[in-house]
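For reference, the structure is listed below as structure tokens.
The values are calculated or read from the model by the stated rules, or taken from the named source; none is laboratory data. None of these values were measured; they are calculated from a predicted model. In this analysis, Cβ positions are derived from the backbone assuming ideal geometry, glycine residues included, and neighbour counts consider all displayed protein chains.
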Amino acid sequence: MRHYPALDVIWTIRPDDSHLERVLAEFDDLGPTATDDLPAGIRVFLPSHDACVKAAERLAALDPTARAISLDVPDDDWAERSQASLGAVQVGRIVITAPESLVIPISRSMGFGTGHHASTRLCLALLQRAQLAGRSVADIGTGSGVLAIAASKLGASRVVAIDADPDALVSARENVDGNGVASHVSLRQIDLGELSGRGGAAVGAPFDVVLANLTGGLIVRSAPTLAGLAAATGRLILSGLMRDEANGVLAALSELGWTEIDRMDEDEWVGLALTSSPRSSTAN
């Protein structure tokens, strides 16, 4: 049986969601693959034991009141059990449910992207405000593939879904095939850092729309790469950032000639759409 490295972050009293997200933001560049709620904290799945050690060190510096426990979690269908009670998610015209759905069935898996997270919903909503018919789309950090599938079903002619995590891509492949969009959606295992400069040509850049549901810190650090993947008159759709990170993200992309044209908020989360040339409306 396969085991997954994980770090349990425990408090005497579970903190609010805002504090939990700030803790997760400290781990974003360590490559977390999934999270699971605990009664008094969270379980963060990481790609290696070394990553767990680094995460524990960062946690101690950020919040000395938290306790970190490193462990190996057996692959005993934890994801299916933890998500079995989740219902359908509807965002505009898009409905995401378990595999019995007739719309966008998404398998339960280690990968992110069942549609139950606010950042995914924000991306789905912003996608529906863009005119995707006949356009090319890159989905960076695709997870379960839900955004790539949605882009295809909204009319995109070519979608490239990119993720560094092989487990996520296994799930994405199942979902792409199950939704009948394999002829329009290609999956690539590649790290975001490898796409900088001329690396984007390896995945077919430039794209009319670049999706990135990451974290605020990672978007800021990767701003030149994300902008470089987009066509000259393309669009960036970004989420995974919190309200207090939005200005930093916009500043990083403004320096590269990008302008905010649309914004949506849900709780502490923000979704942004930007273009490299100012436009008078939110639609292309």
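The residues listed here are ALA40, ALA55, ALA25; of these, the one that is more than 18 Å from GLU245 (Cβ to Cβ), among the small types (Gly, Ala, Ser) and modelled with pLDDT under 90 is ALA40.
Restricting segment 130-144 to residues that are more than 18 Å from the chain's Cα centre (by Cα) and either assigned to a strand (DSSP E or B) or in contact (Cβ under 8 Å) with a residue 60 or more places away in the chain (or both), the residue that is surrounded by the fewest Cβ atoms within 10 Å (Cβ to Cβ) is GLN131.
Could you please find all residues in segment 184-230 being part of a helix (DSSP H, G or I), surrounded by 18 or more Cβ atoms within 10 Å (Cβ to Cβ) and not β-branched (Val, Ile, Thr)? Scanning segment 184-230 gives LEU192, LEU195, GLY200, GLY216, LEU218, ALA223, LEU226, ALA227, GLY228, LEU229.
Pairing residues of segment 30-48 that are of a type outside the set (Ser, Thr, Tyr) with residues that are assigned to a strand (DSSP E or B) and surrounded by fewer than 14 Cβ atoms within 10 Å (Cβ to Cβ), at Cβ distances under 8 Å and at least 6 apart in sequence or on separate chains, gives ARG43/ASP37.
Within segment 159-205, restricting attention to residues that are in contact (Cβ under 8 Å) with a residue 60 or more places away in the chain and over 27 Å from TRP269 (Cα atoms), which residue is nearest to the chain's Cα centre (by Cα)? Once the filter is applied, the top-ranked residue is VAL170. Taking every residue in segment 254-275 that is farther than 15 Å from VAL220 by Cα and pairing it with any residue that is crowded, with 17+ Cβ neighbours inside 10 Å and aromatic (Phe, Trp, Tyr), at least 6 positions away or on another chain, the pairs with Cβ-Cβ distances below 9 Å are THR275/TRP258. From the list ALA156, ALA168, ALA161, ALA133, the one residue that fits, being closer than 23 Å to PRO224 by Cβ and either touching a Lys or Arg at 6+ places or on another chain (Cβ under 9 Å) or of a type in the set (Gly, Ala, Ser) (or both), is ALA161.
Within segment 145-157, is there a residue that is part of a helix (DSSP H, G or I), free of Cβ contacts under 8 Å to residues at least 24 places away in the same chain and not aromatic (Phe, Trp, Tyr)? So far as segment 145-157 goes, no, none of its residues is part of a helix (DSSP H, G or I), free of Cβ contacts under 8 Å to residues at least 24 places away in the same chain and not aromatic (Phe, Trp, Tyr). Taken over segment 158-183, residues that are surrounded by fewer than 22 Cβ atoms within 10 Å (Cβ to Cβ), part of a strand (DSSP E or B) and either outside the structural domain of ILE219 (by TED's automatic domain parsing) or modelled with pLDDT under 95 (or both) amount to 0. Taken as a whole, the structure leaves LEU71 outside the set of residues that are touching a strand residue (DSSP E or B) at 6+ places or on another chain (Cβ under 8 Å), at pLDDT 85 or above, buried (at least 16 other Cβ atoms within 10 Å of the Cβ) and not assigned by TED's automatic domain parsing to the domain that holds LEU214. Flag set for LEU122, criterion: within 25 Å of HIS19 (Cβ to Cβ), at pLDDT 90 or above and within 18 Å of the chain's Cα centre (by Cα). Under the condition of being surrounded by 14 or more Cβ atoms within 10 Å (Cβ to Cβ) and either modelled with pLDDT of 95 or more or closer than 16 Å to THR215 by Cα (or both), the residues counted in segment 266-284 number 9.
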